[in-house]
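Trainee: The structure's right below; bear with me while I get my questions together.
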Amino acid sequence: MFTRLRDWLLFPVRTATRAVLAAAVVALLVFAGWYGLRVLRFHNEQAAALQALANYDFPDAQRRLTLCLDLRPSDPEVLLLAAQAARRDGRLDEAQEYLDRYPVQTETLTPDETLQSVLLRVQQGMVKQYVHALIDHIEIRHPASEQILEALAQGCVHVYRLDEASFWTKQLLDRFPHNPIGRLLDAQTNETMRRREKALQITRRLVEDYPGNDKARLYLAGLLVKTHKYDEAAAHYQKLHRRQPADLKPLLGLVGVLLKLERFDEAGPYLRELEDKHADNSVALLECGRYALYQKRPADAESLLRRAVQVAPFDHEVHFELAVCLQQLNRKDEAQRHLERFQEIEEDMKRLEKAFQGMVKDPADPAPRLEAGRLCLRNGQVTEGLRWLFGVLDLVPNHKATHEVLADHFDSVGDSARAKHHRARAR
């Protein structure tokens, strides 16, 4: 019995040829198993990503699609889904990267890729150029109608066309009442219109329905801070920080509310985490500086606040806290300079708020938008300032004063070609 078993086991390797063939068969089986597992994993992750998109869980969809692309970097369907997930999550640069890879693989643009490219441009603010074509899609109930309405609403917000954003948000929620993007936009619109309690009500329900929507939870926590509901805000910030330990915003929010609640012992470890991990962030440095002042360590606070001023020279709160710190160190002249800078920036912020309210009152008037753009550029908020100014040109393409401001700005940053273009339009 043993001899027969031994002969059977040794049969494949009795000769060199048999041994080679046996090794090839084994290698082929191993490869087939390895490849089969990769195929199975790819399809499982793709199916899970599609389900995540259906559930509006865009971060989970992105994570799973990244795993798919690790397995098949050139898969066009996955690249398109990844672009959609990133775009709907507000990660527009990532969405563009996926779309940039897509034509290389397919050589020709498909209707789906074309639509995703258009929706990305619309979300970046280019609503006017594409709105009529997209309305045609909506009227025939295109399968992507929900995404189209999302993009139109978000694109109008991007260029501060809030009346149109409200219209598209309503259209979105009328057709897709559970859509979390539309519900969050609705809450933000209500806050803009100074209906903060209504915004709170909408966002609370949104977080109850979508407890994994961290963007909505972060917005809710911020609303709770503004309405002085610090304990409730702290609970949300703590949950967010546990989920996103590397993300700065939940940590900053948590520190801020713990200090307002005077839970200083609890705030201490989080402040040390801020200083250790986010030493290049002005808001983190500001909170650490405030805590040092509370602990009567003005010399430590000065170091932190000076670093904050270097990072964010237009932050009025940093200048104010540094003025307070320097007063405690009996350096009154320098403290006065920072206090005056604080007052200058605060005055500009009041003017910006007035311009914003003017825009809300009369969306067709370019003057408040131009004023807001000027104020933002003057205070180092370049991206925001350009959004306002290009918003003016979206309303009035030949608005000379706006072209003049843009020409001066591009001259100041050395972009002579764009400066020349706007200077010519300003004549």
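The values are calculated or read from the model by the stated rules, or taken from the named source; none is laboratory data. Everything numeric in this text was worked out from a predicted model, so none of it was measured. Neighbour counts are summed over all protein chains in view; Cβ atoms, including those assigned to glycine, are modelled from backbone coordinates with ideal geometry. The accessibility values were calculated without ligands, DNA or RNA, using every heavy atom of the protein model including side chains. Shrake-Rupley method; radii C 1.70, N 1.55, O 1.52, S 1.80 Å.
Trainee: At 1.4 Å probe size, with no ligands or nucleic acids counted, give the accessible surface of residue 239 in Å², nearest ten.
Mentor: 80 Å²
Trainee: If every alpha-carbon in the range 263-340 counts as one equal scatterer, what log10 I(q)/I(0) does Debye give at q = 0.12, 0.17, 0.23, 0.27 1/Å?
Mentor: Log10 I(q)/I(0), no solvent term: -0.30, -0.58, -1.00, -1.25.
Trainee: With +1 on each Lys and Arg Cβ and -1 on each Asp and Glu Cβ, and nothing else charged, work out how big the dipole of the chain is about its Cα centre, in Debye to the nearest 20.
Mentor: 580 debye
Trainee: How large is the accessible surface per residue of the chain, computed with a 1.4 Å probe and reported in Å² as a whole number?
Mentor: Normalised by residue count, the accessible surface of the chain is 54 Å².
Trainee: What angle do you read, to the nearest 10 degrees and between 0 and 90, between the alpha-carbon axis of helix 298-311 and the longest principal axis of the chain?
Mentor: 70 degrees
Trainee: Something else: Could the peptides 201-207, 77-83 be put in order, highest first, of the mean number of other beta-carbon atoms found within 10 Å of their residues?
Mentor: Ranked by mean Cβ neighbours within 10 Å, highest first: 77-83, 201-207.
Trainee: Pop the C-beta distance of residue 295 and residue 198 into the FRET formula with R0 = 41 Å and round what comes out to the nearest 0.05.
Mentor: 0.55
Trainee: Another one. Can you give me the C-alpha center-to-center distance between the range 153-174 and the range 361-427, rounded to a whole angstrom?
Mentor: Centre-to-centre distance over Cα atoms comes out at 23 Å.
Trainee: With everything on Cα atoms, drop me the angle between helix 332-361 and the longest principal axis of the chain, reported from 0 to 90° to the nearest 10.
Mentor: The angle comes out at about 70 degrees.
Trainee: Just round it to a whole percent: the fraction of Cα-Cα distances in the range 142-185 exceeding 13 Å.
Mentor: 43 percent
Trainee: Ranking request for peptides 47-59, 247-259: highest mean number of other beta-carbon atoms within 10 Å first, then the rest in descending order.
Mentor: Ranking the peptides 47-59, 247-259 by packing returns 247-259, 47-59.
Trainee: Follow-up question, since we're still on this one. With contacts defined as alpha carbon pairs under 8 Å and 6 or more residues apart, what's the relative contact order of the range 68-179 in percent?
Mentor: 18 percent
Trainee: Right, another one. In sequence order, what are the phi-derived ³J(HN,Hα) couplings for the range 398-408 according to the Karplus relation 6.51 cos²θ - 1.76 cosθ + 1.60 with θ = phi - 60°, rounded to whole Hz, with x for glycine and proline?
Mentor: So the Karplus estimates, Gly and Pro as x, are 9, 6, 4, 4, 5, 4, 5, 5, 5, 4, 4 Hz.
Trainee: Give me the accessible area of residue 388, 1.4 Å probe, in Å² rounded to the nearest 10.
Mentor: About 10 Å², ignoring ligands and nucleic acids.
Trainee: Just to confirm the number: angle between the C-alpha axis of helix 382-395 and the first principal axis of the chain, 0 to 90 degrees, nearest 10?
Mentor: Helix 382-395 sits roughly 80 degrees off the main axis of the chain.
Trainee: Could you put 150, 273, 346 in order of accessible surface area, largest first, with the 1.4 Å probe and the full protein assembly present?
Mentor: Output order, biggest surface exposure first: 346, 273, 150.
Trainee: Quick check on the range 233-373: what are the equivalent-ellipsoid semi-axes from the Cα gyration tensor, as sqrt(5λ), descending, whole Å?
Mentor: For the range 233-373, the semi-axes come out at 29, 23, 12 Å.
Trainee: Just grab the label-to-label distance for residue 364 and residue 239, each label 7 Å out from Cα along the Cβ direction, in nm (one decimal).
Mentor: Distance between label points: 4.5 nm.
Trainee: So between residue 208 and residue 277, what do we pick up on full extension, going 0.36 nm a residue minus the alpha carbon distance?
Mentor: Using 0.36 nm per residue and subtracting the Cα-Cα distance, I get 21.7 nm.
Trainee: If you don't mind, there's one more thing I want to ask. Express the carbon and sulfur contribution to the solvent-accessible surface of the chain as a percent, rounded to the nearest whole number, probe 1.4 angstrom.
Mentor: 55 percent
Trainee: So between residue 44 and residue 266, what do we pick up on full extension, going 0.36 nm a residue minus the alpha carbon distance?
Mentor: Using 0.36 nm per residue and subtracting the Cα-Cα distance, I get 75.6 nm.
Trainee: Moving on. Taking one equal scatterer on every alpha-carbon of the chain, how large is log10 of I(q)/I(0) by Debye at q = 0.14 1/Å?
Mentor: Each listed q corresponds, in turn, to -1.47.
Trainee: For the range 94-196, report the % of Cα-Cα distances exceeding 22 Å.
Mentor: 33 percent
Trainee: For the pair residue 400 and residue 420, what calculated FRET efficiency results from E = 1/(1 + (r/R0)^6), where r is the Cβ-Cβ distance and R0 = 25 Å, to the nearest 0.05?
Mentor: Computed FRET efficiency for residue 420 and residue 400 comes out at 0.95.
Trainee: Cα to Cα, under 14 Å, and not fewer than 8 places away if on the same chain: which aspartates and glutamates meet these conditions relative to residue 198?
Mentor: Output for residue 198: 186.
Trainee: Can I ask one more? Please work out, to two decimal places, the log10 of the ratio I(q)/I(0) at q = 0.21 Å⁻¹ from a Debye calculation in which every Cα of the range 170-227 carries one identical scatterer.
Mentor: -0.72
Trainee: Accessible area, 1.4 Å probe, largest first: how do 344, 262 sort?
Mentor: Sorted by accessible area, descending: 262, 344.
Trainee: Also: If you average the sequence gap of Cα pairs under 8 Å that are 6 or more apart and divide by the length of the chain, what percent do you get for the contact order?
Mentor: Relative contact order for the chain comes out at 6 percent.
Trainee: Kindly sort 127, 413, 283 by accessible area of their heavy atoms, largest first, with the probe set to 1.4 Å.
Mentor: Per-residue accessible area, sorted high to low, gives 413, 283, 127.
Trainee: Still on this model: With a 1.4 Å probe and all protein chains kept in place, how much accessible area does residue 39 have, in Å² rounded to the nearest 10?
Mentor: Surface accessible to solvent at residue 39 totals approximately 40 Å².
Trainee: Related question: If you scale each eigenvalue of the Cα gyration tensor by 5 and take the root, what three semi-axes come out for the range 47-151, rounded to whole angstrom and sorted largest first?
Mentor: Rounded to whole Å, the semi-axes are 22, 16, 12.
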